[in-house]
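In what follows, a structure is listed as structure tokens, so that the remarks can point back to it.
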């Protein structure tokens, strides 16, 4: 009797391990211990109950794993005629089959499948292509609009220019009326400028000579100081002689300089100041004025001598038409 109960308990333990591996609900732990203290009839009843519980949970697992190793294990548990080695072999086979089926189920039921991954890649690629197309179209529209504006007719005139009353480098009072009848190229700067102003005035002087030589166009070059505190008449006179014999320098008191800078939309401001040594931050631009002293076009720092001369020639030819 004891040997039968012992073999039965060992067999149930193997069945319990197989059930745990297959994901089936665990049987109540007290069952194996109670079998050692009960008679054989009660053992048969308990085995029958255990069999019913096992069969009631097996179909769901077998349907998912495409195999049915558990019913064989349960039948072997009811027969009770196999040895310990046979039971162990059956338990190992059942465990292996459940492990392989569980591995297959984890692959099929994983969070990301190949189909969903391909759909994600296709969607991402579609979004990237769409926005790239929209970006190119937007850039083309901007380029087209800017091109149309450049080629279109001029509408009105910029509010640049106006009357002024300053002192030239010879000490004489001059106004904008003194420059009527001539094409004028104006530049705003200061004589203590370390690099930008000299570079721009050299470029201006070279363009004036090039225009006269290549196109027969005479331009009056004009320098207006934005540093009235240091740029006296004598200082401006010495400064303009270094660049071109026709260059005219103008200066004035702070109010007069402020008025002409406002009329021509020129920005200027003191930056670093140590005693009397300071710099002046200002607009770097040249203004082409018509013989009526009306604004025609401005030229920035990005122009070289050739582009400056070509731009002035083009504006003058269009003006004469």
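Structural remarks
The rows are residues; the columns are (1) surrounded by 14 or more Cβ atoms within 10 Å (Cβ to Cβ); (2) modelled with pLDDT under 65.
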position: 83; (1), (2): no, yes
position: 101; (1), (2): yes, yes
position: 110; (1), (2): no, yes
position: 120; (1), (2): no, no
position: 142; (1), (2): no, no
position: 190; (1), (2): yes, no
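- Condition met for residue 170 (over 26 Å from residue 316 (Cβ atoms) and surrounded by 21 or more Cβ atoms within 10 Å (Cβ to Cβ)): no
- Residue 161 vs. criteria at pLDDT below 95, touching a helix residue (DSSP H, G or I) at 6+ places or on another chain (Cβ under 9 Å) and surrounded by 21 or more Cβ atoms within 10 Å (Cβ to Cβ): yes
- Meets criteria (in a strand (DSSP E or B), modelled with pLDDT of 95 or more, buried (at least 17 other Cβ atoms within 10 Å of the Cβ) and touching a helix residue (DSSP H, G or I) at 6+ places or on another chain (Cβ under 9 Å)) for residue 308: no
- Among (1) at pLDDT 95 or above; (2) touching a helix residue (DSSP H, G or I) at 6+ places or on another chain (Cβ under 6 Å), the one test that residue 215 misses: (1)
- Test: residue in the stretch 201-217 that is in contact (Cβ under 8 Å) with a residue 60 or more places away in the chain, over 21 Å from residue 315 (Cβ atoms) and buried (at least 21 other Cβ atoms within 10 Å of the Cβ): no
- Some residue of the stretch 310-319 being assigned by TED's automatic domain parsing to the domain that holds residue 207, in contact (Cβ under 8 Å) with a residue 60 or more places away in the chain and within 15 Å of residue 222 (Cβ to Cβ): yes
The values are calculated or read from the model by the stated rules, or taken from the named source; none is laboratory data. Small disclaimer: the values here were computed from a predicted structure and weren't measured. Please note: Cβ atoms are built from the backbone with ideal geometry, for glycine as well, and neighbour counts cover all protein chains shown.
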